[in-house]
1. Over 22 Å apart: what share of the alpha carbon pairs of the stretch 1-159 falls there, rounded to a whole percent?
2. About its Cα centre, how strong a charge dipole does the chain have in debye, to the nearest 20, once Lys and Arg get +1 and Asp and Glu get -1 at the Cβ?
3. Over the chain, what relative contact order in percent results from Cα pairs under 8 Å that are six or more residues apart?
4. Based on the Cα gyration tensor of the stretch 469-535, what are the three equivalent ellipsoid semi-axes, each the root of five times an eigenvalue, rounded to whole Å and given largest first?
5. Roughly speaking, what is the stretch gain from Val366 to Ile81, that is 0.36 nm per residue apart minus the C-alpha to C-alpha distance, in nm to one decimal?
6. For the residue pair Trp234 and Ala15, what label-to-label distance in nm results when each label sits 7 Å from Cα along the Cα-to-beta-carbon direction?
7. Note the count of lysine pairs whose C-alpha atoms are less than 19 angstrom apart in the chain, limited to pairs 8 or more residues apart or on different chains.
8. Could you calculate the contour length gain from Phe112 to Lys266, that is, 0.36 nm times the residue separation minus the distance between their Cα atoms, to one decimal place in nm?
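Readers should treat all values here as calculations from the given coordinates under stated rules, not as data from a laboratory. Treat the numbers as computed from the prediction; the structure is a model and nothing was measured. In this analysis, Cβ positions are derived from the backbone assuming ideal geometry, glycine residues included, and neighbour counts consider all displayed protein chains.
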Amino acid sequence: MTIELGHFSLILAFAMATVSAMGGLLLWRRGERLAQVLAQASILQFVLVALAFLAVVQAFMTSDFSLKLAAENSHSLKPMIFKISGVWGNHEGSMLLWILILVLFGALVAAFGRRLPADLKNLVLGTQSLLTAAFTGFTVLTSNPFLRLANPPLEGGDLNPVLQDIGLAIHPPLLYAGYVGFSICFSFAIAALVSGRVDQAWARWVRPWAMLSWMFLTLGIAMGSYWAYYELGWGGWWFWDPVENASFMPWLAGTALLHSALVMEKRNALKIWTIFLSIITFSLSLLGTFLVRSGILTSVHTFASDPTRGIVILSILAVLIGGAFLLFAMRSPALRQGGLFAPISREGALILNNLFLATAVGAVLVGTLYPLLLDALAGTSISVGAPFFNLTFGVLMAPLLLVLPFGPLLAWKRADLVAVGQRLIGTAALTIFLTILISALGGVSFSLVPLGLLLGFWVVFGSVAELVERARIGRIPLRESIRRLVGLPRSIWSTAMGHLGLGLTVLGIVSVSAWESELVTTLNPGQTADVAGYTIAFDSFETEQGPNYVADTGRFTVTGPGQGTRQLEAERRTYVATGAPTTEAAISTYGLSQLYLQLGEPLDDTHVVRIWHKPYILLIWIGALVMAAAGALSLTDRRLRVGAPARARRTAAEPAE
């Protein structure tokens, strides 16, 4: 009965979203009364979809295999956390999670957007309801998660072993929150184009939602990277997989959107470009949805293999994205450009930032889609791999990182580049000194390493230099400098933290690429191997029973240089329900570096063991966490609330509306 109620709730949410979309987009001039109705409808949509989602969760938790989705993707022996996360470890359940987050963001606009102008709010909620109706209709008609089995099996088919990990519980919800969050920016862009309300207030309304979505997407990508790193057993943290690229492109476009919205908010400029970025960022998120669920890719990330679903999704994207760009083409000529500024100014630096980011999006998009298009049109299969992406993306990012520390120190409208350069002389000197020192001590193996270190340290020290300059450290008494530092607006702190996090990530990438050590060998219990000053002793090999798998477990003792000894366990698991194997790497952390050990297949009564030493690899994910924290800090700034700025109080002389 619970399943039927969940199914009915989803259908009712689809009907309500359809009516709300028609009312919001066709009757948007009806004012406050319609806005109140649409707000209540948006909250009710969330309640209905949440009920539907909880019905599926209950079936997985109780191992109700009369639900086809649970029978195909769950198992009674799975730990409870994997039963719950298994709800979205498949196409139908992941679509339901997508819709849940979509209606959640719509409900948040309804709840926190009370000060939005009524006409704009009607259009935003109407557009959100249109998106909800499209994806809910797709789910109900082609990907129904509530299908029943007339003769349910006694046991389920289990989930892909790779997905039976805590990463599945964290990565998709974070990633979807980033993807779907940009739908709010998309809806605001459509509302602005229809109503003609494109001004600094509009930018203030959009930027918190863009920041919130960007923050979730940053965390989602970072978690996905670390999950692939420790789970797949390859020792890599990024593979330029097409689905990875599909999440990376909205992140790049969203970063450009944040900077563009800042210029629009401060200087009332870049209106057309900001609207365009709002549309393209969510469009790239929808492209990722198509790639994952169309069946055109074979990847651990993908779910669907039914081409019919791909055609339906492609049709939805054509209508939504095509309609948005058609509206943009029709309305953008009527938008005024806004304030003027000199090329050497903070506005100019932010435009340069946007130029590099947009070009990077284009490069990744071409590298991702070109093989697919060539295969579809000419039947020719080619592979565009890491060398292409590393070269093109690196060439575009190097100059961006070089100019990054200048931007926050430049004045609005017109700036003195020479004066800013003089303030960064100390930063440049420290950067060059550390780059030379570390390159000499580390024994650089290829010529691009010093350049990477130079750019990483330059961005890190440049972010600190901004705070030093604003606090006037070294030029006024220390107590006064500390007082000024503490009193800086949170937006300034968040900018510095964001750039700091990016610099840390660059340093992590460069370090692990330059100084990683790898050893592939065969070992028996009692034998040892040496890697990068670490001695790894193979202690024992045993077969153990897990909750729903059998594990071949190798136990190792690691002796580090001056670090004592540590015990590690690496496993090769075989899952009972499917017979599918998977590996569980053993990882030991030493400061910011890690020792990574993977137990391979048996070979002639010995065991293949792969060992990596990855220096400073944790900087990659620490940097991402710092960037996400910067976004969270920015959202706490009272001048940047998630919602809308307060209206000025009406004076007694002003007439009521």
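1. Cα-Cα pairs in the stretch 1-159 separated by more than 22 Å: 44 percent.
2. Details: 43 positive and 37 negative charges, 810 e Å.
So the magnitude is around 3880 debye.
3. So the answer I get is 13 percent.
4. Values: eigenvalues 458, 41, 22 Å².
Taking √(5λ) for each eigenvalue gives 48, 14, 10 Å, largest first.
5. 98.8 nm
6. For Trp234 paired with Ala15, the spin-label model returns 4.8 nm.
7. 4
8. Gain on stretching Phe112 to Lys266: 53.2 nm.
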